[in-house]
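J.: Sharing a structure, written as C-alpha cells. Questions coming.
The values are calculated or read from the model by the stated rules, or taken from the named source; none is laboratory data. Quick caveat: nothing in here was measured; it's all calculated off a predicted structure. Using ideal geometry, Cβ is built from the backbone for each residue, glycine included, and neighbour counts are taken over all protein chains shown.
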Amino acid sequence: MSANSPTTERADSRRPHRRPSKHPARRVARLSLQRVRRPRLPSRAGLTAALPTLVVLVALAVAAVELLHFTDKIWFWADDWDLFFRRGIIPGEDVGLFAPHNAHWFTMHVLVYRAVFEVFGLRSFVPYATVEIAMHLLVAWTSYLVLRRLGARAWAAVGTSLLIAFFGAGANAMIFPATMNHVGSLLFGLLATYALVRVEPGLRAGLLAAGCLLVAVMFSTTGVAVLVLVGLFGIAQRGWRVGILSVAPAAVAWATWYLLHRDQITPSSSDLEPTQIPSYVWTGLVQTLDGGIGLEGAGPVLLGVLLACLFVARIEHRSLVALAGAGLLADLFQLVVVSVGRYGFGPEQLGTSHYAYVNLVLLAPAICLSFEVAIDNVRRTPAAVGALALVLFSAYVLHGWNELQKWHDDFALITSANDEILLGIRDAHEDGEQILNDVQLSPIDVDFRPSYVASEEIRDALPDRDADPRWRLEAEGQFYVGVADKDFRLARPGGVRVFSGLEGVDDQDDTSSSGCHEFTATAAEPIIEIDSDLGNEIVVWSNSTLVKTRLQRGDEDSSLREWPVEAGAVHVATSAYKSKLFVAFNGTGSYTVCTA
C-alpha cells in the first residue's frame with residue numbers, strides 16, 4: 001500500500017490537528033511535566049519487610065542512650081592503668097605493644113586506647129565508654145545480619161539481637177572500656193562469620209574471614225574461642241578448605257605470640273583442680289541464663305531447651321543449627337579456658353560481668369534457633385504471639401535496667417573519686433611536693449603508680465581544673481607520706497611535738513628543740529604531731545611493729561593509713577605543704593624521738 005493511498009489519507013484526516021503554541025516556554029514546560037513520573041510510594045509489603053530492621057536500629061539507638069546515661073560518675077581503674085601508663089604514652093615505661101595483659105594478646109586494645117588518648121587525653125571517661133558502647137551495639141547488629149543471612153525469621157533475629165543489646169547482666173562489657181578486648185574479639189568473630197555467609201563461596205570469603213579473625217585474636221584470648229566458632233561453622237557451611245583457610249592464619253599467629261610471651265603470662269592464682277572444671281563450666285552457663293532474665297533456677301531449664309532445639313529443628317534451619325552448635329561448643333571451650341585462668345576466683349565469676357556477656361553472644365545463635373522452633377510449633381495467632389513477646393521483652397528490658405543500675409552504683413562507689421586522686425597528685429607535684437610512697441592505688445590497681453601520674457604526658461592529659469581539696473589531701477596522705485627505715489632527707493628544725501601518750505624522761509614533753517629526746521609510753525598508742533610547711537621528718541626508736549598516719553590540713557583529714565614496721569629506728573616523713581601529720585605507734589616502754 002502506497003504512502004499516499006486513500007486509506008492513509010483517511011487515517012491522517014482523523015488525527016486531531018494541534019496548532020503550534022505561540023509560547024515556546026509553555027510548550028517546553030508542558031512537555032517536561034508529561035515526562036515527570038509520579039513518585040512511587042513504598043508498598044505495604046515493602047514497609048512490612050523493612051519493619052524488623054527499623055525496629056532493631058531504633059532499639060539500638062535507645063540502648064545507646066541508656067548506656068551513655070550510666071557512664072555518669074564512672075572513671076578509670078584497674079586494667080585501664082596498664083593501657084595508660086605502661087604502653088608507650090609515658091617515655092621509658094613501655095612494656096611493648098605485644099606484651100600480654102592477664103594472658104591476653106592486647107595489641108588492638110592498646111591501639112584503640114592510644115587513638116582515643118591522642119584526641120581526648122584523660123579529660124573524660126565518656127569517649128572511651130562511647131567506643132565500648134558502639135562496639136557492643138555493633139555486636140548486636142552484626143548478630144542480626146548473620147542470623148538473617150542464615151535464613152532466620154526476621155522477628156526471631158530481632159529478638160536475639162535485642163537480647164544482646166539490653167543484656168544488663170553484662171553491663172561491664174557494655175560500658176566499661178577495659179573489657180573492650182573481649183567485645184572486640186566477639187565483634188570481629190561475628191564479622192568473620194558474616195563474611196562466610198555473605199560473600200560468594202571461595203577464596204575471597206576465606207581471606208576476609210581470616211583477616212577479621214586475626215584482629216579478633218589480637219584483642220584477647222576470647223578470640224581463640226571465636227576461632228572455634230568460625231572454624232566449626234565454616235567447615236559445616238563451606239567445607240574443610242574454606243573452614244581451615246579462615247582460621248589457620250589467626251591460629252598460627254596466636255600460637256606464635258603465646259610461645260614468645262608465655263614467660264610474661266602470670267599463672268593462675270590457685271592450683272588447678274581438673275575435677276572441678278565441669279562445675280565451673282556448668283555454673284557459667286546456667287548463671288548467665290539466670291542472670292539474664294532474673295529468674296533464679298531457670299538456667300538449667302533454658303539450657304536444656306537450647307540443647308533440645310538442636311535436634312528437633314526443621315531441616316530448613318540446618319544453617320542456623322550449624323552456627324548454634326558451633327556457638328555452644330565455642331562457649332564450652334571459652335568456659336574451660338577461663339576456668340583454668342581464673343580458677344582461684346571461684347566458679348561464680350564465670351557467669352557474671354563480661355564473662356556472662358561472652359557466654360550470651362556465643363549462645364545467641366542457639367537462642368535464635370529456639371525462637372524458630374517455638375514459632376514452628378505455636379498454634380496461636382500472630383497478634384497473640386506478638387503481644388506475649390512484647391510483654392516478655394518489656395520485662396527483660398526492665399530487669400536489664402535494674403542490673404545496669406546496680407552495676408553503676410557499685411562502680412561509681414569504687415571509681416568516682418579516681419579522677420580527683422589523679423588531679424591531687426598532679427597539683428601536689430606542681431607545688432613541689434615529693435612522692436614518698438610510690439605504690440599502687442588499691443590492691444586491684446596493680447599498674448598504678450603516682451610517679452606515672454606525675455609524668456608530663458599524664459599531667460597534661462588530665463582535666464583542666466584543680467583537685468577537690470579533700471581528695472588532694474587523700475592523695476597526699478597515701479603517696480606523700482613515708483614510713484620506712486631510710487632517710488627521706490626532709491627533716492626541718494622544729495614543728496614536732498607530743499600529741500598524747502608520751503611522757504618526757506627529762507621532764508620535756510615536747511620536741512621543740514633539735515636533737516633526740518627520750519620518752520616513756522603512757523598510752524597504748526602514743527601520738528606525735530609533725531608540722532609540715534615544706535615537708536618534715538622524724539626518726540623514732542621504739543619496739544613498735546605498727547605505725548599509723550593521718551594527714552590534716554585545715555578542717556580536712558585524710559584516711560588513716562597503717563604501716564607494718566620492724567622494731568628499731570623508723571623514719572616518718574611527709575612532703576605535703578601547710579599540713580599536720582599525726583603519727584601513732586603501738587610500742588610500749590621507752591621511745592627516742594629525733595628531729596633536725
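For every residue, the table says whether it meets (1) in contact (Cβ under 8 Å) with a residue 60 or more places away in the chain; (2) within 27 Å of residue 432 (Cα to Cα); (3) assigned by TED's automatic domain parsing to the domain that holds residue 493.
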{"residue": "519", "(1), (2), (3)": "yes, no, yes"}
{"residue": "523", "(1), (2), (3)": "no, no, yes"}
{"residue": "530", "(1), (2), (3)": "no, yes, yes"}
{"residue": "547", "(1), (2), (3)": "yes, yes, yes"}
{"residue": "550", "(1), (2), (3)": "yes, yes, yes"}
{"residue": "553", "(1), (2), (3)": "yes, yes, yes"}
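J.: Here's a check for you: in region 429-486, which residue that is out of contact with any Asp or Glu (no Cβ under 8 Å at 6 or more places or on another chain) and basic (Lys, Arg) is nearest to residue 419 (Cα to Cα)?
T.: Per the stated criteria, the residue is 465.
Listed here are the residues, each with its yes/no results for (1) farther than 30 Å from residue 62 by Cα; (2) among the basic types (Lys, Arg); (3) free of Cβ contacts under 8 Å to residues at least 40 places away in the same chain.
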{"position": "382", "(1), (2), (3)": "no, no, yes"}
{"position": "418", "(1), (2), (3)": "no, no, no"}
{"position": "428", "(1), (2), (3)": "yes, no, no"}
{"position": "456", "(1), (2), (3)": "yes, no, yes"}
{"position": "465", "(1), (2), (3)": "yes, yes, no"}
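J.: Which one of these is in the same structural domain as residue 397 (by TED's automatic domain parsing), surrounded by fewer than 19 Cβ atoms within 10 Å (Cβ to Cβ) and touching a residue at least 12 places away in the same chain (Cβ under 8 Å): 64, 129?
T.: Numbers: 129 fails: surrounded by fewer than 19 Cβ atoms within 10 Å (Cβ to Cβ).
Only one candidate qualifies: 64.
J.: If I filter region 254-263 for residues that are part of a helix (DSSP H, G or I), within 29 Å of the chain's Cα centre (by Cα), surrounded by fewer than 23 Cβ atoms within 10 Å (Cβ to Cβ) and charged (D, E, K, R), do I get at least one hit?
T.: Step one: filter region 254-263 for residues part of a helix (DSSP H, G or I), giving 254-263.
With the extra rule that they be within 29 Å of the chain's Cα centre (by Cα), the set shrinks to 254-263.
With surrounded by fewer than 23 Cβ atoms within 10 Å (Cβ to Cβ) added as a condition, the list becomes 254-263.
Okay, now just the ones that are also charged (D, E, K, R), so 262-263.
Within region 254-263, one or more residues are part of a helix (DSSP H, G or I), within 29 Å of the chain's Cα centre (by Cα), surrounded by fewer than 23 Cβ atoms within 10 Å (Cβ to Cβ) and charged (D, E, K, R).
J.: Next up: In the set 199, 183, which member is surrounded by fewer than 24 Cβ atoms within 10 Å (Cβ to Cβ) and over 17 Å from residue 65 (Cα atoms)?
T.: One residue alone meets the criteria, 199.
J.: State whether the residues of region 205-225 include one that is within 21 Å of residue 356 (Cα to Cα) and either at pLDDT below 95 or of a type in the set (Phe, Trp, Tyr) (or both).
T.: Yes, some residue in region 205-225 is within 21 Å of residue 356 (Cα to Cα) and either at pLDDT below 95 or of a type in the set (Phe, Trp, Tyr) (or both).
J.: Okay, moving on. Filter region 381-393 down to the residues that are part of a helix (DSSP H, G or I) and either under 19 Å from the mean Cα position of the chain (by Cα) or over 22 Å from residue 296 (Cβ atoms) (or both) and list them by number. If you could, list the steps in order and put the result at the bottom.
T.: So in region 381-393, the residues part of a helix (DSSP H, G or I) come out as 382-393.
382, 383, 384, 385, 386, 387, 388, 389, 390, listed by residue number.
J.: Could you tell me which residue of region 120-160 is nearest to residue 367 (Cα to Cα), considering only residues that are part of a loop (DSSP other than H, G, I, E, B) and among the hydrophobic types (A, V, I, L, M, F, W, C)? Full working, then the answer.
T.: Initially, region 120-160 is screened for residues part of a loop (DSSP other than H, G, I, E, B), giving 121-125, 150-153.
If we keep only those that are among the hydrophobic types (A, V, I, L, M, F, W, C) as well, we get 122, 125, 150, 152.
Numbers: 122: 39, 125: 34, 150: 14, 152: 11 Å.
For region 120-160, the residue satisfying everything is 152.
J.: How many residues does region 202-234 contain that are aromatic (Phe, Trp, Tyr) and part of a helix (DSSP H, G or I)? Explain how you work it out, then say what you get.
T.: We begin by selecting, within region 202-234, every residue aromatic (Phe, Trp, Tyr); these are 219, 233.
From what's left, part of a helix (DSSP H, G or I): 233.
Matching residues across region 202-234 total 1.
J.: Looking at region 394-509, what helices (runs of 4 or more DSSP H) fall wholly within it and have at least 3 residues that are buried (at least 20 other Cβ atoms within 10 Å of the Cβ) and outside the structural domain of residue 176 (by TED's automatic domain parsing)? Walk me through it before giving the result.
T.: Working: elements: 418-430, 450-453, 456-459, 469-479.
It comes to 418-430, 450-453, 469-479.
J.: Whether any residue in region 545-565 is small (Gly, Ala, Ser), out of contact with any helix residue (DSSP H, G or I) (no Cβ under 9 Å at 6 or more places or on another chain) and surrounded by fewer than 23 Cβ atoms within 10 Å (Cβ to Cβ) is what I want to check. Steps first, answer last, please.
T.: Taking region 545-565 and keeping what is small (Gly, Ala, Ser), we get 554, 558-559.
Now narrow it down to the ones that are out of contact with any helix residue (DSSP H, G or I) (no Cβ under 9 Å at 6 or more places or on another chain): none.
Within region 545-565, not a single residue is small (Gly, Ala, Ser), out of contact with any helix residue (DSSP H, G or I) (no Cβ under 9 Å at 6 or more places or on another chain) and surrounded by fewer than 23 Cβ atoms within 10 Å (Cβ to Cβ).
J.: If you check 438, 464, which single one turns out to be of a type outside the set (A, V, I, L, M, F, W, C) and over 26 Å from the mean Cα position of the chain (by Cα)? Walk me through how you get there before you give the answer.
T.: On the way: 464 fails: over 26 Å from the mean Cα position of the chain (by Cα).
Of 438, 464, the one residue that is of a type outside the set (A, V, I, L, M, F, W, C) and over 26 Å from the mean Cα position of the chain (by Cα) is 438.
J.: Answer yes or no as to whether residue 279 is of a type outside the set (Val, Ile, Thr), modelled with pLDDT under 95 and not in a helix (DSSP H, G or I). Reasoning before the result, please.
T.: Numbers: of a type outside the set (Val, Ile, Thr): yes; modelled with pLDDT under 95: yes; not in a helix (DSSP H, G or I): no.
When the stated conditions are applied, residue 279 does not pass them.
J.: Exactly one condition in (1) in contact with a Leu (Cβ under 9 Å, 6 or more places away or on another chain); (2) at pLDDT below 95; (3) surrounded by 21 or more Cβ atoms within 10 Å (Cβ to Cβ) is not met by residue 585; state its number.
T.: (2)
One line per residue, one yes/no per condition, for (1) in a helix (DSSP H, G or I); (2) more than 23 Å from residue 226 (Cα to Cα); (3) not assigned by TED's automatic domain parsing to the domain that holds residue 354:
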{"site": "297", "(1), (2), (3)": "no, yes, no"}
{"site": "300", "(1), (2), (3)": "yes, yes, no"}
{"site": "307", "(1), (2), (3)": "yes, no, no"}
{"site": "311", "(1), (2), (3)": "yes, yes, no"}
{"site": "320", "(1), (2), (3)": "yes, no, no"}
{"site": "331", "(1), (2), (3)": "yes, no, no"}
{"site": "336", "(1), (2), (3)": "yes, no, no"}
{"site": "339", "(1), (2), (3)": "yes, no, no"}
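J.: Mind checking which residues of region 222-253 are under 19 Å from residue 204 (Cα atoms), of a type in the set (Val, Ile, Thr) and either outside the structural domain of residue 341 (by TED's automatic domain parsing) or out of contact with any helix residue (DSSP H, G or I) (no Cβ under 7 Å at 6 or more places or on another chain) (or both)?
T.: Of everything in region 222-253, just one residue is under 19 Å from residue 204 (Cα atoms), of a type in the set (Val, Ile, Thr) and either outside the structural domain of residue 341 (by TED's automatic domain parsing) or out of contact with any helix residue (DSSP H, G or I) (no Cβ under 7 Å at 6 or more places or on another chain) (or both), namely 244.
J.: Next up: Among the residues of region 97-130, write down those that are at pLDDT below 95 and either over 16 Å from the mean Cα position of the chain (by Cα) or more than 30 Å from residue 345 (Cα to Cα) (or both).
T.: The answer is 103, and nothing else.
J.: Looking only at region 555-574, which residues are part of a loop (DSSP other than H, G, I, E, B), more than 12 Å from residue 483 (Cα to Cα) and touching a residue at least 12 places away in the same chain (Cβ under 8 Å)?
T.: Kept after step one, since they are part of a loop (DSSP other than H, G, I, E, B), are these residues of region 555-574: 555, 558-560, 565-567.
Now restrict to residues that are more than 12 Å from residue 483 (Cα to Cα): 555, 558-560, 567.
Of everything in region 555-574, those that are part of a loop (DSSP other than H, G, I, E, B), more than 12 Å from residue 483 (Cα to Cα) and touching a residue at least 12 places away in the same chain (Cβ under 8 Å) turn out to be 558, 559, 560, 567.
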